[in-house]
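Below you'll find the structure, written out as structure tokens, and then a few comments.
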Amino acid sequence: MMFALFHNFDNVKFWHRIPQRIGCPPSQVEIFRMTADADRDLMDADLVDPVNNLCDALLGPYDVDFLDATQCRLLAGWIEARLTQPITPRLAEIYRKLDDYARRAIEYNTGVVIEL
């Protein structure tokens with residue numbers, strides 16, 4: 001499970017619409033890894049359906065999708081609102097990182113790969 005923020009798409013290969021981070025230097029793509037199955041359970045229960053509906057995404061357990069800059073704008077708004085509601089400390093930590101990545105993807109005009 002991870003998020004990947006692309007700083008640019010220079011020489012990046014795509015699989016369908018998903019940019020591939022393999023072969024990209026660390027200066028081009030940032031990775032945030034989640035390690036526990038508990039993180040996946042939290043994300044599946046809280047993030048998947050709302051973000052799929054809002055961003056027209058295809059997130060799901062053990063799946064990957066790419067949110068472009070336009071979708072990241074929607075995602076950042078959703079996260080901002082979600083963080084005002086009761087939330088577990090771990091989920092808040094994950095959402096803050098995802099919010100940071102989404103906002104920078106908007107700035108870079110790139111996007112974020114989300115792999116659950």
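General observations
- Residue identified as at pLDDT below 95 and closer than 19 Å to Asn53 by Cβ among Leu91, Leu83: Leu91
Conditions (1) at pLDDT 95 or above; (2) closer than 20 Å to Phe9 by Cβ; (3) touching a Cys at 6+ places or on another chain (Cβ under 9 Å); (4) surrounded by 13 or more Cβ atoms within 10 Å (Cβ to Cβ), marked per residue:
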position: Gln28; (1), (2), (3), (4): yes, yes, no, yes
position: Arg33; (1), (2), (3), (4): no, no, no, no
position: Ala36; (1), (2), (3), (4): no, no, no, no
position: Arg40; (1), (2), (3), (4): no, no, no, yes
position: Gly60; (1), (2), (3), (4): no, no, no, yes
position: Arg73; (1), (2), (3), (4): yes, yes, no, yes
position: Tyr95; (1), (2), (3), (4): yes, no, no, yes
position: Asp99; (1), (2), (3), (4): yes, no, no, yes
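- All positions within region 86-112 that are outside any helix (DSSP H, G or I) and either touching a helix residue (DSSP H, G or I) at 6+ places or on another chain (Cβ under 7 Å) or of a type in the set (S, T, N, Q) (or both): Thr88, Asn109, Thr110, Gly111, Val112
- Taking the conditions (1) under 22 Å from Pro19 (Cβ atoms); (2) over 10 Å from the mean Cα position of the chain (by Cα); (3) surrounded by 15 or more Cβ atoms within 10 Å (Cβ to Cβ) in turn, Ile87 satisfies each one other than (1).
- Strands (runs of 3 or more DSSP E) (entirely within region 1-76) containing at least 2 residues that are of a type outside the set (A, V, I, L, M, F, W, C): 29-33, 64-68
- Tyr101 vs. criteria hydroxyl-bearing (Ser, Thr, Tyr), at negative phi and in contact with a strand residue (DSSP E or B) (Cβ under 7 Å, 6 or more places away or on another chain): yes
- If the condition is being charged (D, E, K, R) and on the phi > 0 side of the Ramachandran plot, then region 51-67 contributes only Asp56.
- Looking across region 106-116, the residues that are in contact (Cβ under 8 Å) with a residue 12 or more places away in the chain and either surrounded by fewer than 17 Cβ atoms within 10 Å (Cβ to Cβ) or out of contact with any His (no Cβ under 9 Å at 6 or more places or on another chain) (or both) come down to Ile106, Tyr108, Asn109, Gly111, Val112, Val113, Ile114, Glu115, Leu116.
- Residue within region 16-34 that is under 17 Å from Met2 (Cα atoms) and of a type in the set (Lys, Arg) present: yes
The values are calculated or read from the model by the stated rules, or taken from the named source; none is laboratory data. This structure is a prediction, so every number in the text was calculated from the model and none was measured. Neighbour counts are summed over all protein chains in view; Cβ atoms, including those assigned to glycine, are modelled from backbone coordinates with ideal geometry.
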